[in-house]
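I have placed the structure first, in the form of structure tokens, so that the comments after it can refer back to it.
Rule-based calculations on the coordinates, nothing more; no lab input. What you see is a predicted model, and the numbers here were worked out from it, not measured in a lab. As a convention, Cβ positions derive from the backbone with ideal geometry for all residues, glycine included, and neighbour counts pool all protein chains shown.
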Amino acid sequence: MLCTLCMATYPRSARDISDLVQFTDSALYQAKREGRNRLQTATGDM
């Protein structure tokens, strides 16, 4: 069983809900590219 968890925080990661969802989605795909089964935190740089 694999688990990938992504997290974004408001207002640290984004200024509004749209950016927050976008950054969390980017973190998810980055975690999957880097091998899955991990925790990836979203940042405004993503």
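What's the angle, to the nearest 10 degrees (0 to 90), between helix 17-33's Cα axis and the longest principal axis of the chain?
20
Using the Cα atoms of the chain, I'd like the radius of gyration and the largest Cα-Cα distance, Dmax, both in angstrom.
10.4, 34
Provide the gained length on full extension for the span Ile17 to Cys3, in nm with one decimal, where the gain is 0.36 nm per separating residue minus the Cα-Cα distance.
2.6 nm
Taking the Cβ of Leu39 as the center, what net charge do the other residues with Cβ under 15 Å away carry, scoring Lys and Arg +1 and Asp and Glu -1?
Charge balance near Leu39 sits at +3.
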